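Visitor: Supplied in structure tokens, the structure appears directly below.
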Amino acid sequence: MQDNPSIQFDDQRLAKRQQLLEEGISLYPHEYKRSHTIDSIRTQFCEAGHDPSSEVISTAGRLYGVRDHGKTFFADLRDETGRIQLYIRKDALPEGKFQTFKNCIERGDIIGVTGRVFKTKVGEISIFVDDLTLLTKTLCSLPEKFHGLTNLEKRYRQRYLDLIVNEESRDTFRTRSRIISLLRNYLTNDGFLEFETPTLQPLYGGANARPFTTFHNALGQKLYLRIAPELYLKRLVVGGFEKVFEVAKNFRNEDIDTSHNPEFSMVEIYQAYADYQDMMRLTESVISSIIVNITGGVEVSFEENPISYKAPWQVMTMEDAVRTIGGVDIFAHDIDSLRKIGNEKGVEGIEETSSLREMLVLFFEALVEDKLIQPTFITDFPVENSPLAKSHRVKEGYVERFELFIAGMEIANGFSELNDPLDQMHRFEGQEEKRRLGDEEAQMHDYDFVNALGYGMPPTGGVGIGIDRLVMLITGNSSIKEVILFPSMKREQVTPETDNEAVPSDDENA
RNA sequence: GGGUCUGUAGCUUAGUCGGUAGAGCGGCGGACUCUUAAUCCGCAGGCCAGGGGUUCGAGUCCCUUCAGGCCCGCCA
């Protein structure tokens, strides 16, 4: 049983399992009827006295601490709703049960109990156990009761174990689930329809990023995992759905760090007849409503910084942000003097840049981004960086685009969507040119999308909000791995035949 | 990709100048009928991440591989 090194079964637990089998006790029964969850026991019996209740209840959960007192035990039982103490007496259980419990049931096992509720001498609401049933025998031993499981790698790789022993981790993911639910409710209540668009795409688009590649055997065709749902959602707006959104997993073939996971969650929202100003207001409203619902207030601290989500949030053009926060008035200089200033301030990539607008972006990234702690919308991006955004209505060379920054992280990105099919075609051509010059992140020319615009997309505003980062902000976690249940990790044991497999396997369809 | 730190029992860890691997929790055996990190007595459990080297002798020093954390780069 133990010859496979990746199996963590405990020999002593296996022995107990064997003993239980020999006693004819079912290790994995099929169901258990509960009269109460632990939380509902606490609610109903909050006034319990020292004498056990007349009402008999049944509940179930996992055993945590077990305190052996000879002919009695105290034990902690937990279900999803909470924790309650069990008081187990030899003389109260059916004949033989106590011995079986003592010998073969232990911390980590899942049991059901029937009993009556009372308050112990020291005032803790407990269940006086009349009978107990093993519901699941655990073969792996649990981490230590006091320090718990702190090894980060183990917590991420074996998240189930992290969830079993670390209440804070369970809280984080409970909050994550609520955030997504609040987001959906907000949008659907506001008349948005939720759709699912393809994850497997023959062309990828909607962002600048390198994709994951895969292969469809029957079609004999390369496919990409989407880097964004954008181009499909806009096709829906062309089709006549005026308010749409998708909670999408996106996949980008990039390195992993504390704010990037190769697969990440984003909500993309599109609204016909709206522009980027409307989408900023929507973004502000969605996020602050979630914050209020989760925290009851408008302020949440992140990495020592109290962050106020009280609307309205600050709005600055990129140019103003670089001037006031970065201390450089880009358009008061020529390229050469900007190169000099940039070198002094440690701005990177300025040597190969030849336009003031591109300089603006580089200065912004280097000098401003990580200083935007309070929620701040940065608006009016250079057209070169935004092939899917509509040209600015008054500022030549810019697009109507915004990004939301909080705690130095980019949280959202939105714009007045480009709906001029010819302009879109030219922008794609520009991207193709960049691809030819070796830019692996430039976008692909999606002719069908251009055709869709050819049938007419109303003026439309769109925004994408990064869900993982939003959860980080709300739950106070500095690492994205803490808010993704199963973050991407490198495989531990490399098996030769599956490692370094060529990407699209051309031999399979030969 | 670069820098840096880490990897010792199921978990949390100690390990000095290189000299036979130490503990707590958990487990097992024993005592205990209101404890809650229960307590008390005893026992078992280790290829010190893997490989190589230096040395009479390596958990400790050197090289290397693997995995992870943090920072930087790349990137939303």
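Visitor: So, restricting to strands (runs of 3 or more DSSP E) that lie completely within segment A:349-432, which ones have at least 3 residues that are not assigned by TED's automatic domain parsing to the domain that holds A:VAL298? Quick ask: steps written out before the conclusion?
Guide: On the way: elements: A:376-382, A:398-406, A:409-416.
Of the strands (runs of 3 or more DSSP E) lying wholly inside segment A:349-432, those with at least 3 residues that are not assigned by TED's automatic domain parsing to the domain that holds A:VAL298 span A:376-382, A:398-406.
Visitor: Here's something else I'd like to know. Do any residues in segment A:9-28 that are touching a residue at least 60 places away in the same chain (Cβ under 8 Å) have Cβ atoms under 8 Å from those of residues that are more than 10 Å from RNA strand B (Cβ to nearest atom) and among the small types (Gly, Ala, Ser), where the two are at least six apart or on different chains, and which pairs are they?
Guide: none
Visitor: Moving to a separate point now. Does A:THR114 satisfy the criteria of being assigned by TED's automatic domain parsing to the domain that holds A:ARG83, part of a strand (DSSP E or B) and polar (S, T, N, Q)?
Guide: On the way: assigned by TED's automatic domain parsing to the domain that holds A:ARG83: yes; part of a strand (DSSP E or B): yes; polar (S, T, N, Q): yes.
Yes; evaluated as a whole, the condition is true for this residue.
Visitor: Among the residues of segment A:100-114, is there at least one that is aromatic (Phe, Trp, Tyr) and more than 14 Å from RNA strand B (Cβ to nearest atom)?
Guide: no
Visitor: Residues to consider are A:GLY240, A:GLY191, A:GLY205; find the one that is in a loop (DSSP other than H, G, I, E, B), within 22 Å of A:GLU400 (Cβ to Cβ) and not hydrophobic (A, V, I, L, M, F, W, C).
Guide: Details: A:GLY240 fails: within 22 Å of A:GLU400 (Cβ to Cβ); A:GLY191 fails: within 22 Å of A:GLU400 (Cβ to Cβ).
None of the others qualify; the one that does is A:GLY205.
Visitor: Can I ask one more? List every residue pair whose Cβ atoms lie under 9 Å apart, where the two residues are 6 or more positions apart in sequence or sit on different chains, the first residue falls within segment A:65-77 and is farther than 20 Å from A:ILE38 by Cα, and the second residue, located anywhere, is near RNA strand B (Cβ under 6 Å from one of its atoms) and assigned to a strand (DSSP E or B).
Guide: Once the first residue is farther than 20 Å from A:ILE38 by Cα and sits in segment A:65-77, its partners that are near RNA strand B (Cβ under 6 Å from one of its atoms) and assigned to a strand (DSSP E or B) give A:ASP68/A:PHE74; A:LYS71/A:ARG89; A:THR72/A:ARG89.
Visitor: One residue is enough: does segment A:260-269 have a residue meeting the conditions part of a loop (DSSP other than H, G, I, E, B) and within 30 Å of A:TYR156 (Cβ to Cβ)?
Guide: Within segment A:260-269, the first condition is being part of a loop (DSSP other than H, G, I, E, B), and the residues that meet it are A:261-262.
Subset that is within 30 Å of A:TYR156 (Cβ to Cβ): A:261-262.
Within segment A:260-269, one or more residues are part of a loop (DSSP other than H, G, I, E, B) and within 30 Å of A:TYR156 (Cβ to Cβ).
Visitor: So, of the residues in segment A:18-67 that are of a type in the set (Ser, Thr, Tyr) and part of a strand (DSSP E or B), which turns out to be farthest from the chain's Cα centre (by Cα)?
Guide: Looking at the filtered set, the residue picked out is A:SER58.
Visitor: Please find, among A:THR72, A:THR59, the residue that is in contact with a Leu (Cβ under 9 Å, 6 or more places away or on another chain) and polar (S, T, N, Q).
Guide: A:THR59
Visitor: Would segment A:64-74 turn up any residue that is farther than 19 Å from A:GLU144 by Cα, within 10 Å of RNA strand B (Cβ to nearest atom), crowded, with 19+ Cβ neighbours inside 10 Å and among the hydrophobic types (A, V, I, L, M, F, W, C)?
Guide: If we filter segment A:64-74 for residues that are farther than 19 Å from A:GLU144 by Cα, which is where we start, we get A:69-73.
Of the ones still in play, those that are also within 10 Å of RNA strand B (Cβ to nearest atom) are A:69-73.
Applying the additional criterion that residues be crowded, with 19+ Cβ neighbours inside 10 Å yields A:73.
Cutting the leftovers down to among the hydrophobic types (A, V, I, L, M, F, W, C) gives us A:73.
There is at least one residue in segment A:64-74 that is farther than 19 Å from A:GLU144 by Cα, within 10 Å of RNA strand B (Cβ to nearest atom), crowded, with 19+ Cβ neighbours inside 10 Å and among the hydrophobic types (A, V, I, L, M, F, W, C).
This table checks each residue for (1) without any contact (Cβ under 8 Å) to a residue 60 or more places away in the chain; (2) in a strand (DSSP E or B); (3) closer than 15 Å to A:LEU418 by Cα; (4) touching an Asp or Glu at 6+ places or on another chain (Cβ under 7 Å).
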| site | (1), (2), (3), (4) |
| --- | --- |
| A:GLU440 | no, no, no, no |
| A:ASN451 | yes, no, yes, no |
| A:GLY456 | no, no, yes, no |
| A:GLY462 | no, yes, yes, yes |
| A:ARG469 | no, no, no, no |
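Visitor: Right, here's the next one. Somewhere in segment A:274-288, is a residue assigned to a helix (DSSP H, G or I) and among the small types (Gly, Ala, Ser)?
Guide: At the first step, the residues of segment A:274-288 found to be assigned to a helix (DSSP H, G or I) are A:276-288.
From what is left, the residues that are among the small types (Gly, Ala, Ser) are A:285, A:288.
Yes: one or more hits.
Visitor: Can you tell me how many residues within segment A:87-99 are in contact (Cβ under 8 Å) with a residue 40 or more places away in the chain and near RNA strand B (Cβ under 9 Å from one of its atoms)?
Guide: The total comes to 2.
The values are calculated or read from the model by the stated rules, or taken from the named source; none is laboratory data. Please read all numbers here as calculations on a predicted model, not as lab measurements. All Cβ positions, glycine included, derive from the backbone under ideal geometry; neighbour counts span all protein chains shown.
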